[in-house]
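Have a look at the structure below before the remarks.
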Amino acid sequence: MDASRPSSLVVLQPEGWPPPRGYANGIAGRGRMIFAGGMVGWDSAGRFPHGFVPQARQALENVLAVLRAGGAGPEHVARLTWYVLDIAEYRASLKALGATYRDIMGRHYPAMTLVQVAALVEPEARLEIEATALVPD
């Protein structure tokens, strides 16, 4: 068990596998579940910042706003799913994106999936992020 995580979340790392960087292969836990639907990178007025990393920052902040409404924080996130329009844009942004992620989520790395999609509902959106959190009972 990783001591930096709340007691309700345990990292699952198969024996002999190399440790992942920036995510966990799996998370186990018990508690009240909170699901944040797909959050795009717009602000409360529906305005999108320009660029992938600024939109990722806002989307993560939007995820945390939903989680806070349910009594959770970044430390409770068990899983994130990222939907991006352009995987090359994501890869080109990794250094800045990593710093932005740590600024918002700290060094909490849940199980994550990232996929490229053909389109998102909001035409200005570059990405969408959904989250599952486990809050201890």
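Yes or no: Arg107 over 20 Å from Phe48 (Cβ atoms) and part of a loop (DSSP other than H, G, I, E, B)?
Working: over 20 Å from Phe48 (Cβ atoms): yes; part of a loop (DSSP other than H, G, I, E, B): yes.
Against the criterion (over 20 Å from Phe48 (Cβ atoms) and part of a loop (DSSP other than H, G, I, E, B)), Arg107 qualifies.
What number of residues within segment 89-108 satisfy the criterion of being aliphatic (A, V, I, L, M) and surrounded by 15 or more Cβ atoms within 10 Å (Cβ to Cβ)?
Total satisfying the criteria: 4.
Pairs under 8 Å by beta carbon, first residue touching a residue at least 60 places away in the same chain (Cβ under 8 Å) and over 14 Å from Pro110 (Cβ atoms) in segment 14-27, partner part of a loop (DSSP other than H, G, I, E, B) and polar (S, T, N, Q), six or more apart or different chains?
If the second residue must be part of a loop (DSSP other than H, G, I, E, B) and polar (S, T, N, Q), no pairs are left.
Just name the residue that is surrounded by the fewest Cβ atoms within 10 Å (Cβ to Cβ) out of those in segment 14-60 that are of a type in the set (Lys, Arg) and not in a strand (DSSP E or B).
Per the stated criteria, the residue is Arg21.
Cβ contacts < 9 Å: first residue farther than 14 Å from Val63 by Cα, restricted to segment 93-116; second residue part of a loop (DSSP other than H, G, I, E, B) and among the aliphatic types (A, V, I, L, M), any location; separation 6+ or different chain. Result?
Pairs that qualify, where the first residue is farther than 14 Å from Val63 by Cα and the partner is part of a loop (DSSP other than H, G, I, E, B) and among the aliphatic types (A, V, I, L, M), are Gln116/Leu85.
Across segment 62-91, what is the total count of residues that are farther than 26 Å from Gly26 by Cβ, touching a residue at least 12 places away in the same chain (Cβ under 8 Å) and not in a loop (DSSP other than H, G, I, E, B)?
So in segment 62-91, the residues farther than 26 Å from Gly26 by Cβ come out as 65, 69, 85-86, 88-89.
From the residues that got through so far, the ones that are touching a residue at least 12 places away in the same chain (Cβ under 8 Å) too are 85-86, 89.
Next, only the ones that are not in a loop (DSSP other than H, G, I, E, B) stay: 89.
So the answer is 1.
Looking at (1) among the hydrophobic types (A, V, I, L, M, F, W, C); (2) farther than 26 Å from Val11 by Cβ; (3) touching a residue at least 24 places away in the same chain (Cβ under 8 Å), which one does Met33 not meet, given that it meets all the others?
With respect to (1) among the hydrophobic types (A, V, I, L, M, F, W, C); (2) farther than 26 Å from Val11 by Cβ; (3) touching a residue at least 24 places away in the same chain (Cβ under 8 Å), Met33 is out only on (2).
Out of segment 110-128, which residues are outside any strand (DSSP E or B) and either under 26 Å from Met33 (Cα atoms) or not charged (D, E, K, R) (or both)?
Result: Pro110, Val117, Ala118, Ala119, Leu120, Val121, Pro123, Ala125.
Taking the residues in segment 73-88 that are among the aliphatic types (A, V, I, L, M) and more than 14 Å from the chain's Cα centre (by Cα) as candidates, determine which candidate is surrounded by the fewest Cβ atoms within 10 Å (Cβ to Cβ).
Top of the filtered list is Ala88.
Does segment 106-134 hold any residues that are modelled with pLDDT of 95 or more and among the charged types (D, E, K, R), and which are they?
Glu122, Glu124, Arg126, Glu128, Glu130
Here is a check on your reading of the model: is Leu67 aliphatic (A, V, I, L, M), more than 17 Å from the chain's Cα centre (by Cα) and within 21 Å of Asp137 (Cβ to Cβ)?
So Leu67 does not fit the description; no.
The values are calculated or read from the model by the stated rules, or taken from the named source; none is laboratory data. Every value quoted in this text rests on a predicted model; they were computed, and no experiment measured them. Cβ atoms come from the backbone with ideal geometry, glycine included; neighbour counts cover every protein chain shown.
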